[in-house]
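See below for the structure under consideration.
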Amino acid sequence: MSIGVVLAVIVGVVVAVVALGAIALEWNYRRKPGNRLEFHPGRWELVEREGDRYRIVGEVELYNSTNRLEIMIPEVSAEATLLSKGSLSGISSHIDIIADHPDAPAREDGYWFAYIVKARESTRFKLVVELRGEDLTQLQTLWVKVRYLTYGPGGRIPRTGHVVFPLQYPEPEASANWLVKEEAEVLPIKTHLLTHLDDPVEVVRRYVLPHANPETDIVTIGETPLAIIQGRWRDPASVKPGWVARRLCYFFLPTSSLATACGLQTLVDLVGPWRVLLAFVGGSVAKVLGKPGMFYQLAGEQARLIDDVTGTLPPYDRFIVLGPYNPKAVVDRIRRETGLAAAIVDVNDLKAVKILAATDRLPEPFLEAALRTNPAGNADEQTPLVLIRRRTS
């Protein structure tokens with residue numbers, strides 16, 4: 001064997017080893033969680049409500065969900081956005097951030113010192129929001145954006161967490177406009193802006209039971225409000241579209257919530273890129289053969305339920321809202337704890353009604369007919385509940 005052949009073999013082996021090493025490094029890198037610090041909004045409360053001053057206190061938890069990695073938090077800041085029925089002129093807001101670390105006291109000067117969150121541990125901090133103004137009664141909602149910097153194996157990565165807190169609660173008596181349908185009477189029921197602080201059973205108990213006859217009536221809850229209560233909404237800034245989402249989103253109708261890279265990526269994150277890709281191929285073939293809509297069947301129920309940006313009322317109109325989790329368990333709990341039959345529904349202004357879950361023995365054709373005109377509305381009516389009563393005459 002000549003020297004040239006030997007050198008060629010050696011070079012080939014070295015190149016192969018380097019290539020395999022690079023592949024192994026990349027594979028190992030992709031398996032690492034990076035700066036996986038979870039934001040949990042915690043409990044919030046309006047502790048003081050005077051004429052010209054509101055004081056809201058909330059507690060946020062940051063949880064390091066990695067198994068071995070430490071993540072540092074060098075910076076934390078917060079910003080308040082107010083939603084109101086009227087002008088915000090003359091209304092001011094101020095937020096104090098008070099560290100509540102398990103092993104270190106907060107500084108009296110309010111300075112946030114860089115803190116290390118160990119693997120499978122968490123830290124907390126309180127947010128004290130003070131609102132001032134001559135007339136605060138028009139305020140409807142407080143939206144707090146919490147910006148925190150994570151520093152760790154993934155580098156220096158800024159994150160944002162969101163908390164939505166209602167400032168107004170309508171009286172149950174405010175909902176009294178029964179609508180007469182062919183076989184039913186329906187009552188859209190107005191609530192406060194639902195948030196992670198709410199429980200679906202308590203919302204039904206507070207706003208629906210004063211109007212309801214548990215022996216005969218049915219309450220329906222929109223799938224998007226239920227998902228919001230469950231915290232199933234994502235900031236598009238936290239969604240990182242991959243190869244599949246960036247390329248396939250162009251093939252969906254412009255009105256679809258999967259027609260943006262971030263919207264489609266949320267589905268990829270839920271069911272995986274291979275299922276989305278195979279559903280796209282299978283759906284495309286089925287469409288050519290005259291069977292449209294197969295993509296949504298192959299990709300799973302969440303494909304139909306995702307609402308992209310602008311898909312719901314403010315401030316959730318800036319977020320991607322997923323479908324609700326385990327809706328059957330929710331309706332069964334409502335039935336058990338309130339006596340009311342219940343259903344989780346997806347209704348739109350195109351007269352399309354989809355029942356995601358319902359208590360046993362509910363007449364679905366009757367429900368669909370009662371909801372077909374979308375009595376809850378599709379804008380910012382803030383009526384996530386609809387009470388349905390069969391007409392007796």
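At a glance:
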{"read-out": "Matching residues, the stretch 71-108, being β-branched (Val, Ile, Thr) and either within 17 Å of Trp143 (Cα to Cα) or surrounded by fewer than 16 Cβ atoms within 10 Å (Cβ to Cβ) (or both)", "value": "Val76, Thr81, Ile91, Ile95, Ile97, Ile98"}
{"read-out": "Test for Val330: is it touching a Phe, Trp or Tyr at 6+ places or on another chain (Cβ under 6 Å) and under 14 Å from Thr224 (Cβ atoms)", "value": "no"}
{"read-out": "Residue match in the stretch 316-329 (condition: over 17 Å from the mean Cα position of the chain (by Cα) and not β-branched (Val, Ile, Thr))", "value": "yes"}
{"read-out": "Of all residues making up the stretch 77-90, the number that are at pLDDT below 95 and either assigned to a loop (DSSP other than H, G, I, E, B) or of a type in the set (D, E, K, R) (or both)", "value": "6"}
{"read-out": "In the stretch 60-76, residue nearest to Phe125 (Cα to Cα) [restricted to those that are among the charged types (D, E, K, R) and at pLDDT 95 or above]", "value": "Glu61"}
{"read-out": "Output for the stretch 143-185, where each listed residue is of a type in the set (S, T, N, Q) and in a strand (DSSP E or B)", "value": "Thr150, Thr160"}
{"read-out": "Total residues in the stretch 121-139, condition in a loop (DSSP other than H, G, I, E, B), at pLDDT below 95 and not polar (S, T, N, Q)", "value": "4"}
{"read-out": "One residue from Val219, Val186, Val201 being at pLDDT 95 or above and closer than 19 Å to Glu381 by Cα", "value": "Val219"}
{"read-out": "Among the residues listed as Val219, Val203, the single one being assigned to a helix (DSSP H, G or I) and of a type in the set (Val, Ile, Thr)", "value": "Val203"}
{"read-out": "Number of the exception - Val345 against (1) among the β-branched types (Val, Ile, Thr); (2) under 27 Å from Leu248 (Cβ atoms); (3) buried (at least 21 other Cβ atoms within 10 Å of the Cβ)", "value": "(2)"}
{"read-out": "Qualifying residue in the stretch 312-320 (condition: more than 18 Å from Glu381 (Cα to Cα), modelled with pLDDT of 95 or more and not in a loop (DSSP other than H, G, I, E, B))", "value": "yes"}
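The values are calculated or read from the model by the stated rules, or taken from the named source; none is laboratory data. Computed from a predicted structure; not experimentally measured. With ideal geometry, Cβ positions are generated from the backbone for all residues, glycine too; neighbour counts draw on all protein chains shown.
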